[in-house]
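What follows is a set of notes on a single structure, which appears directly below.
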Amino acid sequence: MERKELDGAIEGILFAAGEPVGVERLCLALETDRATVDQVCTRLADRYRYERRGIRLVRMDTSYQLCSAPEYAHVIRQALEGRRPARLSQTSLEVLAIVAYYQPITRADVDSIRGVDSAYTMGLLQDRGLIEECGRLAVPGRPIQYRTTPVFLRSFGIESLDQLPELPNVPTEDRTAAPSGGEER
């Protein structure tokens, strides 16, 4: 495919998907290599930003997605919803931060860190698509483990978890395992 065709094909795929599409999936569909897909996506993202378009092409770890431009959020929200978006409570932000930094993590580990039951808050975060189940811990009872989602990355404007700020007074190696000895992230 020539350049214009690749641009159009990637735009079409990302628009139709409505969610993040993995780079490898794009490579297979377009029958091209990863470097080419990354180059085309970077060029498209730069062009949308430079032309101050209403859409943005964002990279999230190993996937790409078309999203609305943040500077038009108020107009889009007004046109589509007519109400303010629900904000996360302090409790929700606390639980979300724990999951983000210690994932994969069980609810019991979140409860242990916070010192209170977090079941309701974790349910809300799952309903909003910010966290998801990602397996079970290999211990008696096989508790469910949780991790953040691409919606989390997009909501906080980061491409990968590596862009999270460092926790104060916690060495990096101490936060890569959940308190009960969960697997490294």
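The values are calculated or read from the model by the stated rules, or taken from the named source; none is laboratory data. All values derive from a computational prediction rather than experimental measurement. Using ideal geometry, Cβ is built from the backbone for each residue, glycine included, and neighbour counts are taken over all protein chains shown. Just the protein is used for accessible areas: all its heavy atoms, side chains included, with ligands, DNA and RNA removed. Shrake-Rupley method; radii C 1.70, N 1.55, O 1.52, S 1.80 Å.
So the values come out like this:
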{"item": "For the chain: relative contact order, % (alpha-carbon pairs under 8 angstrom, 6 or more apart)", "result": "18"}
{"item": "Helix 34-50 axis, angle to the chain major axis (alpha carbon atoms, nearest 10°)", "result": "80"}
{"item": "Whole-percent carbon and sulfur share, accessible surface of the chain, 1.4 Å", "result": "50"}
{"item": "Per residue value of the accessible surface for region 1-86 (all protein chains in place, 1.4 Å probe), Å²", "result": "66"}
{"item": "Compactness index (Cα Rg / 2.2 N^0.38 Å), the chain", "result": "1.19"}
{"item": "PHE156 versus THR36: modelled label distance in nm, points set 7 Å from Cα along the beta carbon direction", "result": "3.6"}
{"item": "Integer Hz, Karplus 6.51/-1.76/1.60 couplings in order for region 16-24, x for Gly and Pro", "result": "5, 5, x, 8, x, 10, x, 4, 4"}
{"item": "Among GLU94, GLU51, GLU19: highest mean-square fluctuation, GNM of the chain, C-alpha pairs under 10 Å", "result": "GLU51"}
{"item": "Choice from PRO143, PRO168, PRO70 with maximal GNM fluctuation in the chain (Cα, 10 Å cutoff)", "result": "PRO168"}
{"item": "GNM flexibility winner over the chain from GLY12, GLY123, GLY141 (Cα, springs under 10 Å)", "result": "GLY141"}
{"item": "Spherically averaged projected area of region 1-100 from its Cα convex hull (nm²)", "result": "8.1"}
{"item": "Built amide H within the under 5 Å cut-off of ARG56, gap 5+", "result": "CYS67, SER68, ALA69"}
{"item": "Percentage, to the nearest whole number, of Cα pairs in region 15-54 over 16 Å apart", "result": "44"}
{"item": "Long-range HN-HN contacts of GLN145 with modeled amide H, under 5 Å", "result": "CYS134, GLY135, ARG136, LEU137"}
{"item": "Rounded to the nearest 10 Å², the accessible area of SER89 at probe 1.4 Å", "result": "60"}
{"item": "Pairwise centroid distance, computed over Cα atoms, of region 24-84 with region 139-160, Å", "result": "22"}
